[in-house]
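As structure tokens, the structure follows; a few thoughts come after it.
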Amino acid sequence: MNYIIFDLEWNQASHGEEDRIENLPFEIVEIGAVKLNENRDMIGEFSKLIKPQVYHEMHFITSRLVHLQMNELEKGDTFPVVMKEFLEWCGDDCLFCTWGALDLLELQRNMAYYDMEPLSDGPIKFYDIQKLFSLAYEDGKSRKALEDAIDMMNVRKDIPFHRAFSDAYYTAKIFDKIEDPDVLEKYSFDTFNLPKSKDQEVHIVFNSYDKYISRLFDNRKDLMNDKSVTQTICYKCNKPAKRKVGWFTPNGKHYYAVSSCFRHGLMKSKIRVRKADGGGVFAVKTDKYITKEEMKKLIDKRDEIKLQKQLKKEGSSN
Ligand SMILES: [Zn+2]
């Protein structure tokens with residue numbers, strides 16, 4: 001399997017001059033990528049400009065950041081031609097890697113705009129190198145700009161930044177430095193294409209956690225009433241784990257529960273309710289093992305939420 005580290009540059013409607021097209025807010029104008037083999041050696045390069053079909057004026061942000069001129073782009077091929085070439089270059093067995101999670105989403109939005117065959121019929125597993133960098137070298141939550149990460153890692157800046165190819169190249173340089181297996185198992189999943197049915201839902205078990213991505217539901221209530229969403233099964237032995245702390249939510253977006261497996265101990269489950277692009281909601285659930293102390297903290301959190309709700313209720317009835 002090869003790694004495809006890619007970066008896109010895109011343009012958008014210039015304010016007032018051109019109308020923004022709703023299903024193509026960002027028009028891709030350049031694709032740059034490097035291909036790494038399993039040992040993360042660079043074995044290929046891709047760099048193509050794309051002739052715009054929708055936005056023919058360069059938005060000031062794009063021209064400032066990307067250093068591209070419209071007359072250069074006009075020499076490129078159209079998106080469907082370049083995209084086809086790109087996919088052929090990628091090959092069948094590859095894992096996409098990007099700096100941040102936006103590029104894979106915009107790539108698919110542009111493909112959908114041109115009615116191209118979808119990249120996948122369900123969620124796509126990929127590496128968000130920006131996230132991996134944060135997990136490996138920072139707090140796991142912050143997100144650094146690529147150039148700042150390059151500075152921090154003392155990587156030599158041998159080509160200029162802010163073109164698709166160079167940003168892919170530097171992203172690959174960062175990726176090459178991440179060795180920690182606990183970090184490398186933190187895959188991301190792009191959900192532009194959600195599972196169409198229950199059979200297609202995603203269940204993946206990693207060393208220290210597991211992940212489930214549900215199909216689409218009309219609303220949060222239907223989602224949280226679905227057993228396949230809320231069930232808690234030990235992912236090590238596949239047996240139902242006994243509920244110790246029932247599902248509760250601090251904010252209506254995240255839900256938590258703790259259950260106990262006779263053999264494997266306490267398992268914390270977290271559901272994130274996410275809005276889908278075209279309406280409706282879906283769930284991303286993760287399970288991981290926790291200590292008694294961690295369960296205690298979660299119980300305290302739940303009790304505090306209960307108390308707050310009660311106080312609010314009493315306050316409003318007085
Ligand atoms: Zn178990």
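Per-residue answers, yes or no, for (1) charged (D, E, K, R); (2) within 22 Å of TYR3 (Cα to Cα); (3) exposed (fewer than 14 other Cβ atoms within 10 Å of the Cβ):
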site	(1), (2), (3)
TYR169	no, yes, no
PRO181	no, yes, yes
LEU184	no, yes, no
LYS196	yes, no, yes
VAL205	no, yes, yes
TYR212	no, no, no
LEU216	no, no, no
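What do you reckon, is GLU147 outside any loop (DSSP other than H, G, I, E, B), among the acidic types (Asp, Glu) and either out of contact with any strand residue (DSSP E or B) (no Cβ under 8 Å at 6 or more places or on another chain) or in contact (Cβ under 8 Å) with a residue 12 or more places away in the chain (or both)?
yes
How many residues are assigned to a strand (DSSP E or B) and away from the ligand (no atom under 16 Å from the Cβ) when one looks only at segment 251-285?
Filtering segment 251-285 down to residues assigned to a strand (DSSP E or B) leaves 254-261, 265-275, 281-285.
From what's left, away from the ligand (no atom under 16 Å from the Cβ): 254-256, 270-275, 281-285.
So the answer is 14.
Does SER208 fit the bill of being modelled with pLDDT under 95, farther than 24 Å from VAL281 by Cα, within 16 Å of the ligand (Cβ to nearest atom) and not in a strand (DSSP E or B)?
yes
Across segment 96-123, the qualifying residues are those that are surrounded by fewer than 19 Cβ atoms within 10 Å (Cβ to Cβ), among the aliphatic types (A, V, I, L, M) and within 13 Å of the chain's Cα centre (by Cα), and the one among them that is farthest from THR78 (Cα to Cα) is ALA101. Just checking, does segment 235-249 include any residue being under 20 Å from VAL202 (Cβ atoms), away from the ligand (no atom under 16 Å from the Cβ) and free of Cβ contacts under 8 Å to residues at least 40 places away in the same chain? Checked against the condition, which is being under 20 Å from VAL202 (Cβ atoms), away from the ligand (no atom under 16 Å from the Cβ) and free of Cβ contacts under 8 Å to residues at least 40 places away in the same chain, segment 235-249 yields no hits at all.
The values are calculated or read from the model by the stated rules, or taken from the named source; none is laboratory data. Because the structure is predicted, anything quoted here is derived from the model rather than measured. Positions of Cβ are backbone-derived with ideal geometry, glycine not excepted, and every protein chain shown enters the neighbour counts.
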